[in-house]
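First the structure, in the form of structure tokens, and then the observations on it.
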């Protein structure tokens, strides 16, 4: 289709594809530097910042919308490279908790700035425009999650801890765990304390 004939929704979808391409390129470069696949690096980054409940094979599979078998294969490779260890949960002996080794932490430290080029580019835009974009993106993520297209959202809009305040005073929301007050642009994505409604 001729780009000049695209409606706004199609052009936004095309823009998302282009930004996703940049993200894939940056992630691929960082992963290659560490002799990993992009998904292996994403798993390491996830394990590094996740609470125990999100460091189980099933939780990682849900987080990345992958099958447990696919996740297990990638995790086995990370374990054989000495980057992660699998430990039996004290509460449930059938469950395995994933943790980084010292080598895994060093790898994460080397690669954690993989998206700095994108963040540097974002810093050039005015705050009010970024707030509008953030409101739009969190709404879109919540909608995709509600439609079942996205398996895991972990955003404030889908969290049982979100308290919606009455009236038209800003901020409109309060986190029931931290007490943080915010409006739509302050919604968190990937919150470790998220509790699905």
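For segment 97-136, taking the residues that are under 17 Å from the mean Cα position of the chain (by Cα), surrounded by 11 or more Cβ atoms within 10 Å (Cβ to Cβ) and under 30 Å from residue 78 (Cβ atoms), the one that is modelled with the lowest pLDDT is identified as 112. Among the residues in segment 162-182, are any more than 18 Å from residue 49 (Cβ to Cβ), in contact (Cβ under 8 Å) with a residue 40 or more places away in the chain and in contact with a helix residue (DSSP H, G or I) (Cβ under 9 Å, 6 or more places away or on another chain)? Looking for residues that are more than 18 Å from residue 49 (Cβ to Cβ), in contact (Cβ under 8 Å) with a residue 40 or more places away in the chain and in contact with a helix residue (DSSP H, G or I) (Cβ under 9 Å, 6 or more places away or on another chain), one finds none in segment 162-182, hence no.
Given the condition farther than 28 Å from residue 29 by Cβ, outside the structural domain of residue 162 (by TED's automatic domain parsing) and touching a helix residue (DSSP H, G or I) at 6+ places or on another chain (Cβ under 9 Å), answer yes or no: does some residue in segment 55-65 qualify? Walk me through how you get there before you give the answer.
From segment 55-65, those farther than 28 Å from residue 29 by Cβ are 56, 58; that's our starting set.
Subsequent filtering for residues that are outside the structural domain of residue 162 (by TED's automatic domain parsing) retains 56, 58.
Narrowing the set further to residues that are touching a helix residue (DSSP H, G or I) at 6+ places or on another chain (Cβ under 9 Å) leaves 58.
Yes - at least one qualifying residue is present in segment 55-65.
For the structure I just gave you, tell me whether residue 110 is part of a helix (DSSP H, G or I) and more than 26 Å from residue 52 (Cβ to Cβ).
Working: part of a helix (DSSP H, G or I): yes; more than 26 Å from residue 52 (Cβ to Cβ): no.
Criteria not met by residue 110.
Taking residue 138 as the residue in question, decide whether it is touching a strand residue (DSSP E or B) at 6+ places or on another chain (Cβ under 7 Å) and touching a residue at least 40 places away in the same chain (Cβ under 8 Å). Judged against the criteria, residue 138 is a match.
Of the set (1) loosely packed, with under 12 Cβ neighbours inside 10 Å; (2) at pLDDT 95 or above, all apply to residue 67 but (2). Applying the criterion of being within 13 Å of residue 196 (Cα to Cα) and in contact (Cβ under 8 Å) with a residue 40 or more places away in the chain to the residues of segment 141-152, the residue that is surrounded by the most Cβ atoms within 10 Å (Cβ to Cβ) is 152.
Being part of a loop (DSSP other than H, G, I, E, B), within 23 Å of residue 59 (Cβ to Cβ) and more than 22 Å from the chain's Cα centre (by Cα) is true for just one of 91, 166. Which residue is that?
Numbers: 166 fails: within 23 Å of residue 59 (Cβ to Cβ).
On inspection, the qualifying residue turns out to be 91.
Within segment 41-51, being in contact (Cβ under 8 Å) with a residue 24 or more places away in the chain and buried (at least 16 other Cβ atoms within 10 Å of the Cβ) holds for 41, 43, 44, 45, 47, 48, 50. Among residues that are in the same structural domain as residue 24 (by TED's automatic domain parsing), in contact (Cβ under 8 Å) with a residue 12 or more places away in the chain and in contact with a helix residue (DSSP H, G or I) (Cβ under 6 Å, 6 or more places away or on another chain), residue 85 is not included. Does segment 181-197 hold any residues that are closer than 16 Å to residue 62 by Cβ and either in contact with a strand residue (DSSP E or B) (Cβ under 9 Å, 6 or more places away or on another chain) or surrounded by 17 or more Cβ atoms within 10 Å (Cβ to Cβ) (or both), and which are they? Answer for segment 181-197, where residues must be closer than 16 Å to residue 62 by Cβ and either in contact with a strand residue (DSSP E or B) (Cβ under 9 Å, 6 or more places away or on another chain) or surrounded by 17 or more Cβ atoms within 10 Å (Cβ to Cβ) (or both): 189, 190, 191, 194, 195, 196, 197.
The values are calculated or read from the model by the stated rules, or taken from the named source; none is laboratory data. It should be emphasised that the depicted structure is a prediction, and the values quoted were computed from it without experimental measurement. Cβ sites come from the backbone with ideal geometry, for glycine too, and all protein chains shown count toward neighbours.
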